[in-house]
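Before any comments, here is the structure.
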Amino acid sequence: MLRATLKSLLSRKIRLVLSALAVVLGVMFVAGSFVLTDTLDRSFSNLFSNIYSGTDVSVTAKAKANAAGTVPASVVDEVRGVDGVAKAQGQVNGSARPIGKNGKVMTTAGAPRLGASWVDGDSQLEMRDGTGPKADNEVAIGAFLASTGGFKVGDDIELITLQPKQKFKVVGIYGFPGGRDSLGGELITSFTEPVAQQLMLGEKGVYTDINVTAAGGVAQDQLRDRVSAKLGSDYEAKTGAQLAKDQADQIAEGLKFFNYILLAFAGIALFVGIFIILNTFSIIVAQRTRELALLRSMGASRGQVMGSVVLEAFVIGLIASVVGLGAGYGVGALLANFFATFGGGSLQLASVQLPLSAVISSFSVGLVVTMVAAVMPALRASRIAPVAAMREAATPDRPLTRPTVAGAVILAAGGAAMAFGFTNQSLALIFGGVMAAFVGVALLTPLVSKPMVSLIGRLLSWSMPGVLGRRNSARNPRRTAITAAALMVGIALITGVSVVLTSATASITKLSDTQIKSDLIIAGEQANDGGSATFTTDVLDRMKSTSGVKSVVGWANDGALINDEQYWVAAVTDVDAMREQFGLQTKSGTIAPLREDQVGVSEERATEKNLSVSSTMKVQLSRGEPKTYTVAFIWAKTPVMQGVVLPSDAIKNLRIPQLGNAFVQVVPGQSVVDVQKRIEPLFADNPEISVQDRSAFTKQQTSQFDTVLLMIQILLALAILIAVLGVINTLALSVIERTRELGLLRAIGMKRAQVMRMITVESIVISVFGAVLGLAVGSALGVATVAALKDQGITEFAFPWLQMGQYLVVAAVVGVIAAILPAIRAARLNVLDAIAYE
């Protein structure tokens, strides 16, 4: 039996390749994700070890709210007096966004844009040209910033910090040890210490942290303990090794999340692969019915027949795992290099290795998926009676009662799991529920396969090859259903996400049009490095005096500790304008201007914290000391805004004591466009800030959904690619199965082109059927998700009809492409050999 199985396997090499390819792609994604994250994890660990190699101990102030506090200069002197300290240097770090020579703010691929204080003799820096800054209007810039922006010594450079755009003279360009232009693609500018303090921290005489160097013979841990004992509980001291580990762990946590995303899509790819392998082995068993039955009649037991099919699955899974692991290693290395070069090529990659986790997961997944998919066909093969060898048709159609009942039960269970997952915010339950729903739909699909395929096929039945292609696709409902289900999964997921994002866009647009009365919104795009575009409060007075302006409200967001719990708060400049522009209704108290010790609270927050008018709360902002506020009013529930509103006096104690947004209401009858043109010059010195009307601002905010959808489409393209392979596989095996039938058609006059057209019609019908299923299931998933997110502000149902139409067209194209190889094979069959084929 072993020899017979291996010979049977090797005699059908094309079938072997097609069967294994689906698993190869899924395993490649799994292995590649582990290789990528392992390489980047070690690369960032090495990076932070280098960054903190010159730091024995670092001292920072204990965090207030969501921002670290500042360290006064007097503390630096205290640290210098600690026994074992050789040197203590105060450092200033913050955000400084350079403006390129084209007048636009320079951006990065995620690396920060930093401002720092210059320290002469810093061993971590290498001066390439010029000197360090000496005067207030001088800066030294990193070599990566210089090369990216085309700056050289003697040039002027404009920078945005806590202050609006200011011009400086470049007096030096520096790099880092090892000939590196940057550590990780950052754009860095160094100022004189007083200027850095003013621009980065908002006041002079303070530092972000203290860099401490130990005297000879003093260990880092020992020095850290001495510094901590000296400074007390208001400050935190960490060794350089601790800092490097903390930073590396933080990056590793982010990479872990990224790895989960990749593994999720790998899981989807393998899930689709199961449909293909199941279909492949079902067809193989059907084709080998006589062969297996003859083996039974010659004495082979059921166990040996089942073992034959399982062994074939094991060989395919083993080969696919090996190939997928190798391909995954290559993909992981390629992606790691892409990540490194994406930030300017400054991240030095650690050597690409094959982690044990990648090896174990690849073989486990590849073998398990293939074996699981082969179990049912193997059981069916073992039940073939010896007498079947004497029959012409050994596999009559079986009733669909059992799969239909099972599909309904599994679909209901999947729906319940999704509902419970949404209620309890459990991603595992939601994902599991979606997968179960797909299985349930796949089991129910044969029930609707024949009528739907016949209906779709009528569109292509204008000739006899088209009629035959339609009938062939409807001939075996189970096979057609499983092949279509593979394509259904990818299109359903994309459709579901599209429905959710389209509904979110529609909800935001409706909210903007019906509840927000602001005509103009002043804001800056949130930078990918965490930097925020801000502007000073004095601009509001000039906006208020602008002709055609009715009211203006400025807005500043920040984190705060409220009764020792972390919340986001907003400090506003005009409560009356806020009430009018956002359509706020009173729930309790009176919505009126706040005193310095008063706050306004949304109904949701008040209910959550059992607050009422006159309740008090202790608020710790990023700066200053904790302060007790009294609730002055509570506004009624609205999707426009929630949370806690502070008086304008609180702005000075925020992490960035400036405004992030302003909302303008135009006098009725005045042209919004004209008022916009009058306000825009007020922000000429701040190119990060834009003045937009309400519709343009809404489009900008929802444009991020397009990026999310594009990323998901790219990742799910793998699942659709595997589904295409499934269609090819099914058609190729079907051509082999119908060799005699095709020979007879050719013998009675069917031409090669007509044979190819017949196979193409069959392929298109199956693909479009899968797309229709995907659109239906995806729409249902999207609607369910939108309904579950109603409390999160997504209140409108909207369908991306254009995209859904495009998916149908893509499915038809997929059908044409998938039919090419099987159609050519069918057309090339020798008529006499085909008639004699058995």
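In whole Å, what are the Cα extents of the chain along the three principal axes, biggest one first?
Extents along the principal axes, in whole Å: 99, 73, 51.
With the Cα gyration tensor of region 696-838 in hand, convert its eigenvalues to equivalent ellipsoid semi-axes via √(5λ) and list them largest first in whole Å.
Largest first, region 696-838 gives 44, 13, 12 Å.
Could you give the angle, 0 to 90 degrees to the nearest 10, between helix 694-737's Cα long axis and the longest principal axis of the Cα atoms of the chain?
20 degrees
Mind checking the full-extension length gain between D249 and L808? Use 0.36 nm per residue of separation minus the Cα-Cα distance, one decimal, nm.
Working it through step by step, the gained length comes to 196.8 nm.
With charges only on Cβ, +1 for K and R and -1 for D and E, what is the dipole size of the chain about its Cα centre, in debye, rounded to 20?
About 4940 debye.
With both bridge residues required to lie in the chain, what share of the DSSP beta bridges run antiparallel, to the nearest 5%?
Of those bridges, close to 80 percent are antiparallel.
Between Q701 and N337, how many nm apart are label points set 7 Å from Cα along the C-beta direction?
Here the modelled spin labels are 4.3 nm apart.
If you fit an axis through the alpha-carbon atoms of helix 240-287 and take the longest principal axis of the Cα set of the chain, what angle between them do you get, 0 to 90°, nearest 10?
20 degrees
Between D564 and E608, what is the label-point separation in nm under the 7 Å Cα-to-beta-carbon projection?
1.9 nm
Trypsin sites (Lys or Arg not before Pro) within region 736-781: which are DSSP loop residues with at most 15 other Cβ atoms inside 10 Å?
Passing sites in region 736-781 are K751.
With all distinct Cα pairs included, what does the Kirkwood hydrodynamic radius of region 534-685 come out to in Å, to one decimal, could you say?
About 16.1 Å, per the Kirkwood formula over Cα pairs.
Just name one of L718, Q701, A684: the one whose Cα is farthest towards the positive end of the charge dipole of region 663-729 (beta-carbon charges, Lys/Arg +1, Asp/Glu -1).
Result: L718, furthest along the dipole toward the positive end.
Hey, how many Å between the Cα centroid of region 242-280 and the Cα centroid of region 299-375?
14 Å
Based on alpha-carbon centroids, what's the gap between region 685-729 and region 444-470 in Å, whole number please?
35 Å
Restricting attention to region 679-781, which GluC sites (Glu not before Pro) occupy a DSSP loop and are surrounded by at most 10 other Cβ atoms within 10 Å?
Of the GluC sites (Glu not before Pro), not one in the loops of region 679-781 has a Cβ with at most 10 other Cβ atoms within 10 Å.
For V372 and M464 in the same chain, what is the full-extension length gain: residue separation times 0.36 nm, less their Cα-Cα distance, in nm?
Gain in length upon complete extension: 29.1 nm.
Distance from a point 7 Å along Cα→Cβ of A63 to each backbone N in region 87-115: keep the residues under 18 Å and list them by number.
Under cut-off, by backbone N: 93-95.
On a 0 to 90° scale, report how tilted helix 752-788 is relative to the longest principal axis of the chain, with both axes built from alpha carbons and the result rounded to the nearest 10.
Tilt of helix 752-788: around 40 degrees.
Given labels modelled 7 Å from the Cα in the Cβ direction, how far is it in nm from E126 to T630?
Calculated label separation equals 6.4 nm.
Rank the residues T55, T280 as a footprinting-exposure proxy: fewest other Cβ atoms within 10 Å of their Cβ go first.
Ordered from fewest to most neighbouring Cβ atoms within 10 Å, T55, T280 come out as T55, T280.
Please find the FRET efficiency linking T586 to A717, where r is the Cβ-Cβ separation and R0 is fixed at 35 Å, and quote it to the nearest 0.05.
E(calc), rounded to 0.05, equals 0.10.
Cα centroids of region 167-200 and region 584-598: how far apart, whole angstrom?
Cα centres, region 167-200 to region 584-598: 46 Å.
Using a 7 Å offset from Cα along Cα-Cβ at Q222, what residues in region 65-108 end up with backbone N under 16 Å from the label point?
Within reach of a label on Q222, which here means backbone N under 16 Å from a point 7 Å along Cα→Cβ, region 65-108 contributes 82-87.
Only the coordinates and a few stated rules stand behind these numbers; no lab work does. Being a predicted model, the structure only gives us computed values, none of them experimental. Glycine gets a Cβ as well: all are built from the backbone with ideal geometry, and neighbour counts include every protein chain shown.
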